[in-house]
Amino acid sequence: MQRPITQFIVIKPKKDGDKSVGQEIKEKQEREFKLFKQKERERMRIELQKEKNKMEVEEKKIDSYQRLIEFKKIKEQKQRAFGIGCSITKDIYIGSVESSNNQAWLDSECINVIINCTCECSNEEEEGREYYRLPISKYHNTINPFVKEACALINLAHSKGEKVLIHSFDGKNRAPALLIAYLIQNNKMSFMNAFNMVKTKAWTLELSMVLVSELNALSSQLGLTSISGMTASQFKQDPLTRRALEDAELEIADRKKKWEFSHNVID
């Protein structure tokens with residue numbers, strides 16, 4: 001009588017830790033995808049560095065103040081297109097949500113602390129970076145409840161030697177306002193000095209009247225120079241007030257002369 005074929009099959013007992021074929025394929029795909037992401041990120045980082053160097057070379061070739069203004073507009077457009085933020089100080093940057101998720105750019109600038117000051121934006125959290133959220137509303141954007149926490153987070157990062165990115169949805173309102181509040185509270189800068197410093201180095205700013213009033217009040221509470229008697233409508237019509245605007249125009253004219261002199265520009 002013929003014996004059943006099953007008697008000739010030896011089934012090995014499954015050991016602890018043995019993986020199925022499906023698991024092995026899945027893990028292999030995950031390793032390959034991780035390696036691909038690393039290579040792609042490194043390639044993007046190199047491209048961003050090349051673009052940065054190119055922009056620096058182009059900026060040095062500018063031969064007039066008007067062209068400098070035009071260049072800054074083009075630079076902002078390119079930075080936004082690439083998802084690059086703005087360096088305000090040597091270790092503080094502001095940017096958009098795209099900047100916060102641009103891992104290649106964050107790598108190139110060695111930024112490891114991300115402060116998200118929105119309610120609506122999410123971050124693609126990366127291992128090795130610290131992420132914090134200060135939920136400032138897009139529609140009722142008061143920053144007063146978050147100033148102390150923001151200062152504490154930035155100072156903690158600085159104590160560790162880390163660079164910080166503060167970002168909002170587009171980097172025009174909440175992120176620069178939070179940084180201005182930090183400069184007022186921590187560095188004891190007046191509202192106008194902090195505002196002008198950020199405005200000079202950042203993208204186009206569009207601070208809401210609520211935030212302007214809060215920042216001006218914070219500057220006044222600390223005994224720093226503030227814009228007295230200013231209403232939201234007055235700031236909207238004339239952001240720096242008549243006297244401050246005249247001072248700003250004189251400062252701009254003086255900067256223009258110095259810039260032209262340093263670049264040997266002759267009218």
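The values are calculated or read from the model by the stated rules, or taken from the named source; none is laboratory data. Quick caveat: nothing in here was measured; it's all calculated off a predicted structure. Using ideal geometry, Cβ is built from the backbone for each residue, glycine included, and neighbour counts are taken over all protein chains shown.
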Residues of region 183-207 being closer than 18 Å to LYS90 by Cβ and touching a residue at least 40 places away in the same chain (Cβ under 8 Å), in sequence order, are MET197, VAL198, LYS201, ALA202
Does any residue of region 35-51 turn out to be β-branched (Val, Ile, Thr), within 29 Å of ALA157 (Cβ to Cβ), without any contact (Cβ under 8 Å) to a residue 12 or more places away in the chain and in a helix (DSSP H, G or I)? yes
Verdict on SER122 being buried (at least 17 other Cβ atoms within 10 Å of the Cβ), under 13 Å from PHE169 (Cα atoms) and touching a strand residue (DSSP E or B) at 6+ places or on another chain (Cβ under 9 Å): no
Filter result for the condition that a residue is modelled with pLDDT of 85 or more, basic (Lys, Arg) and over 14 Å from the mean Cα position of the chain (by Cα), over LYS78, LYS60, LYS148, LYS54: LYS148
Only residues that are surrounded by fewer than 17 Cβ atoms within 10 Å (Cβ to Cβ) and in contact with a Lys or Arg (Cβ under 7 Å, 6 or more places away or on another chain): list them for region 170-204, please. THR204
Considering each of GLU30, GLU76, GLU58, GLU70 in turn, give the residue that is outside any strand (DSSP E or B) and either closer than 29 Å to GLY161 by Cα or basic (Lys, Arg) (or both). GLU76
